[in-house]
Amino acid sequence: MPLSNAPLARVCLAASGVSLLALVALHAVSPELDPAWRMVSEYADGRAPVLLSVFFLAWAVSSWALAAALWVHGGSRVLRVGTVLVALSGVGEAMGGLFDIHHPLHGAAFGLGVPTLALGAVLVGASLGRQQGAWLLAVSQLPWLSIVAMAGSFAVCFSTAEAAGVELSPDAKPWDAVPDGVIAVMGWANRLLVVAYLGWATTVAGLLARGPSGVPADVPAA
């Protein structure tokens, strides 16, 4: 009997839910960290750093379960490559849970976890979108668009800080609050990225969890 991808897809859905709940709980537990400009990783300095690890590790499980479900689903080489990238993103997310913002490997965790899923989502969406329609292809653009939004938020912050005369050198004292004249919304952009990533994963997992009626087997292609 062939292995079904539906149970794996349900694991993805459950893990994504745990990750989102952990993120919401972090805001409640550490209200002193302003979500408008503080990165999610900065909750390592909050009141429940273990909860941050739960957030990242559940996110990793979500990515791995989705990758496993997609691999069992099978299909074109494009889908296979996208699936591998989704699995690699899970490695970066797990590293985020094991190595906090003060660890030298935290930057590597971001580099491995964020771009890989954005590219993997485009490839998976391009492959599965042939059966599901343009809407899935459109949803699969959300991860990389959220990266652009976050990069833009940092650009706005730095440009307004420079215009306000705020020191931005590596030796500058960390902000306790956003200086006057500075537009800092990169924290919200960071959270938007998380929602876009997990939202895409749950969308695809929801289709796979329905079995053959959700996503027909992809036709292998060169």
Inset, instruction - Being among the hydroxyl-bearing types (Ser, Thr, Tyr) and part of a helix (DSSP H, G or I) is the filter; apply it to region 14-41 and report the residue that is farthest from LEU105 (Cα to Cα). - result: SER16
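Run down HIS27, HIS73 and say which single residue is closer than 18 Å to LEU128 by Cα and in contact with a helix residue (DSSP H, G or I) (Cβ under 9 Å, 6 or more places away or on another chain). Outline the logic, then answer.
Working: HIS27 fails: closer than 18 Å to LEU128 by Cα.
Checking each option against the conditions leaves just HIS73.
So which of LEU128, LEU52, LEU66, LEU85 is of a type outside the set (Phe, Trp, Tyr), modelled with pLDDT under 95 and in a helix (DSSP H, G or I)? Talk me through it step by step, then tell me what you get.
Numbers: LEU52 fails: modelled with pLDDT under 95; LEU66 fails: modelled with pLDDT under 95; LEU85 fails: modelled with pLDDT under 95.
Of LEU128, LEU52, LEU66, LEU85, the one residue that is of a type outside the set (Phe, Trp, Tyr), modelled with pLDDT under 95 and in a helix (DSSP H, G or I) is LEU128.
For every residue, the table says whether it meets (1) surrounded by fewer than 21 Cβ atoms within 10 Å (Cβ to Cβ); (2) closer than 21 Å to LEU136 by Cβ.
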{"position": "MET39", "(1), (2)": "yes, no"}
{"position": "TYR43", "(1), (2)": "no, no"}
{"position": "VAL50", "(1), (2)": "yes, no"}
{"position": "SER89", "(1), (2)": "no, yes"}
Inset, instruction - Just give me the residues in region 130-155 being crowded, with 16+ Cβ neighbours inside 10 Å and either under 23 Å from GLY111 (Cβ atoms) or touching a helix residue (DSSP H, G or I) at 6+ places or on another chain (Cβ under 6 Å) (or both), in sequence order. - result: LEU136, LEU137, VAL139, SER140, LEU142, PRO143, TRP144, SER146, ILE147, ALA149, MET150, SER153
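The values are calculated or read from the model by the stated rules, or taken from the named source; none is laboratory data. Everything quoted here is computed from the prediction, not taken from an experiment. With ideal geometry, Cβ positions are generated from the backbone for all residues, glycine too; neighbour counts draw on all protein chains shown.
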